[in-house]
Amino acid sequence: MQQIFGWVATSLSLIYKLPQIYVLCKQKKHEGLSLLSLTCQASAYGFYIAHGTLNEDWAIACMGSISFLQSLTLITLYFYYKRPHIPPPSSTSPAAVQ
């Protein structure tokens with residue numbers, strides 16, 4: 001029965017960040033994300049991975065691994081969308097005509 005609870009919790013944890021990743025990709029803005037929170041969360045998932053592996057609790061190790069990757073995805077997107085946006089040169093600009 002403990003295994004069932006572990007795998008159900010793992011399944012639910014795999015989907016709860018997907019809406020945030022989707023919205024971030026759609027809006028292309030990093031505002032509203034806390035880098036400190038994401039970093040702490042990713043670190044915590046690292047400990048879940050270690051705990052699950054050392055105790056051979058593969059549901060916890062799996063949850064930690066996939067959640068860690070989701071946190072890394074959010075951190076990467078945070079920095080990607082934080083960088084300054086440089087529009088491509090238009091065909092009517094003086095630099096493009098030369």
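Since every read-out is calculated from the coordinates, none of them should be taken as a lab result. Note that the structure is predicted; figures quoted are calculated from it, not measured. FYI the Cβ positions are ideal-geometry reconstructions off the backbone, even for glycines, and counts take in every protein chain you see.
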Extended-chain gain in nm, criterion 0.36 nm per residue less alpha-carbon gap, T76 and W58
3.8 nm
Could you give the length gained by full extension between F5 and C40, i.e. 0.36 nm per residue of separation minus their alpha carbon distance, to one decimal place?
10.1 nm
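How much mean residue ellipticity at 222 nm does the chain get from its helices, if each DSSP H run of length 4 or more adds -39500 (n - 2.57) and you divide by all residues, to the nearest 500 deg cm²/dmol? Each step should come with its number before you reach the end.
Working: 5 runs with 73 residues, N = 98.
Computed ellipticity for the chain at 222 nm equals -24000 deg cm²/dmol.
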Largest fluctuation, K26, K17, K82 only, Gaussian network model of the chain with Cα springs under 10 angstrom, belongs to K26
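Can you tell me, using C-alpha contacts under 8 Å and at least 6 residues apart, the relative contact order of the chain as a whole percent?
Values: 76 pairs, mean separation 31.5, N = 98.
Computed over the chain, the figure is 32 percent.
Report the Rg/Rh value for the chain, based on alpha-carbon coordinates and the Kirkwood definition of Rh. Before the final figure, lay out the partial values.
Details: Rg = 19.4 Å, Rh = 15.7 Å.
Radius of gyration over Kirkwood radius for the chain works out to 1.24.
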Which residue fluctuates most in the GNM of the chain (Cα springs below 10 Å): I60, I15, I49?
I15
Pick from Q27, Q41, Q70: which residue has the top mean-square fluctuation in a GNM of the chain where Cα pairs under 10 Å get a spring?
Q27
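Using the Cα centre of the stretch 2-84 as the reference point, and only Cβ charges (+1 on K/R, -1 on D/E), how large is the resulting charge dipole? Debye, rounded to the nearest 20. Could you put the intermediate results ahead of the total?
Values: 6 positive and 3 negative charges, 117 e Å.
It comes to approximately 560 debye.
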